Structure formats: C-alpha cells, structure tokens
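Below you'll find the structure, written out as structure tokens, and then a few comments.
The values are calculated or read from the model by the stated rules, or taken from the named source; none is laboratory data. Everything numeric here is computed off the predicted structure, so don't read it as measured data. Here the Cβ positions follow ideal geometry from the backbone for every residue, glycine too, while neighbour counts run over all protein chains shown.
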Amino acid sequence: MQIDRRKKIIIIAIAILVILGVLFLIWRLSDRSQPMAPVEEEQPIFEAPSVPFEFDPSLPPAQTNTEFAVSELAKNFAERFGSWSSDNPGANLRELLPLSSSVMVNYLNNLEINYQSEEFFGISTKSLSSSIASLGPSQARVLVKTQRIKKQGAQPEEVFYQDIEISLVNSGDSWLVSAANWK
C-alpha cells in the first residue's frame, strides 16, 4: 500500500507540473500573438537646453576666486553669527573668532547676551544668497539674505527673513570679518 500511495503522489505532482508548464507556454504564446499597441513616448519633465559646453577664454569668469571667497565667508559667518540657543550659550560666538579681525574678536568677546531662560530659546539661521556691495583690494562689503527660525519653549516656530551686511578686511592671504550689522 505504501508504494502505491507514493507512486500516486509522485504521478499527481508530475501531472500538476506538466499542466502548469503547458499553461505557462500557452500564456507566453498568446501574449506574443496579440499585436502590440503603439507605445506613446512620455514627454520629459525637464529638457536640458542644447548649449555647447566649450571654454571661451575671452569671457570673464562668472565669479573670481576673491569674489567666491568673500561671499562664502560672509554666508558662513552670517549663519553662525545668527544661530544660537540657550542650551549652548556663546558657542556660536566662539566659532566665529578664527574668522574675525581683531576688531570683531574684541566685539565678540565683550558681547553680553543674557542666555538665562526657564525654557529653551534659540534661533537657527540659514544663508540663502549673497551679493557683493563693494570689493576692493583691502576691504569688502557683502549683503547676505537669510532665513531665520525662532523657537521658544512649546510655542510654534516663527520663520522670518532678515538681511545682514558683513564687512570684511583683507589680512594678507585671507579675508576676515570686521563687522556684521543686521538690517
């Protein structure tokens, strides 16, 4: 009895596999026999302009190394100068010391801010853009547009936009911030 029962199970399993194989073949053949509908091409979401990417030495660079250095320093300084919290009092000001002229270092060291608060208070600043107001061999002025987010305790965040004018001086081989004024 045992052998007959095993044979029946094996025969049934083989029959099921054969039937599945035949159904698969029929499905594959019927899929190919139907004419395919034309595929509509999707329009690209963004199409890059066909601009030749060739170097033209007669054109001035978009931004000189000096312009780039002053803009980046001003944006970096604005973000750090404008971001602080009651959890880490004065940390932002200490980070600014290596980027500052002696006049600005003196100002930062003598800046008195009351960080005492019963609840968390902080402002986060993000530089959005910068424009050079003036640039000379020894001095520069950059206007930085910022987005600031003020958070106090359980109150909802307050988002506001504020400009800051950063004055810089050339100190030999690098630029340093000499003043920062919120507008």
Q | Candidates Phe77, Phe120 - the one that is farther than 16 Å from Ser178 by Cβ, aromatic (Phe, Trp, Tyr) and either in contact with a strand residue (DSSP E or B) (Cβ under 8 Å, 6 or more places away or on another chain) or in contact (Cβ under 8 Å) with a residue 40 or more places away in the chain (or both) | A | Phe120
**Q.** Selected residue [closer than 22 Å to Glu95 by Cβ, surrounded by 17 or more Cβ atoms within 10 Å (Cβ to Cβ), touching a residue at least 40 places away in the same chain (Cβ under 8 Å) and over 26 Å from the mean Cα position of the chain (by Cα)] from Ala140, Ala180
**A.** Ala140
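Hey, can you tell me all the residues within the stretch 151-173 that are in contact (Cβ under 8 Å) with a residue 12 or more places away in the chain and either surrounded by 14 or more Cβ atoms within 10 Å (Cβ to Cβ) or within 20 Å of Leu96 (Cα to Cα) (or both)?
Lys151, Gln152, Gln162, Asp163, Ile164, Glu165, Ile166, Ser167, Leu168, Val169, Asn170, Ser171
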Q) Looking only at the stretch 148-170, which residues are assigned to a strand (DSSP E or B) and within 16 Å of Ser85 (Cα to Cα)? A) Arg148, Ile149, Lys150, Lys151, Gln152, Glu158, Val159
Q: Kindly indicate which of Gln63, Gln34, Gln43 is modelled with pLDDT under 85 and surrounded by 11 or more Cβ atoms within 10 Å (Cβ to Cβ).
A: Gln63
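Residues Asn76, Asn109: which one is part of a helix (DSSP H, G or I), modelled with pLDDT under 90, surrounded by 11 or more Cβ atoms within 10 Å (Cβ to Cβ) and assigned by TED's automatic domain parsing to the domain that holds Leu176?
Asn109
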Q: Kindly indicate whether Gly122 is surrounded by 15 or more Cβ atoms within 10 Å (Cβ to Cβ), farther than 14 Å from Phe77 by Cα and among the small types (Gly, Ala, Ser).
A: yes
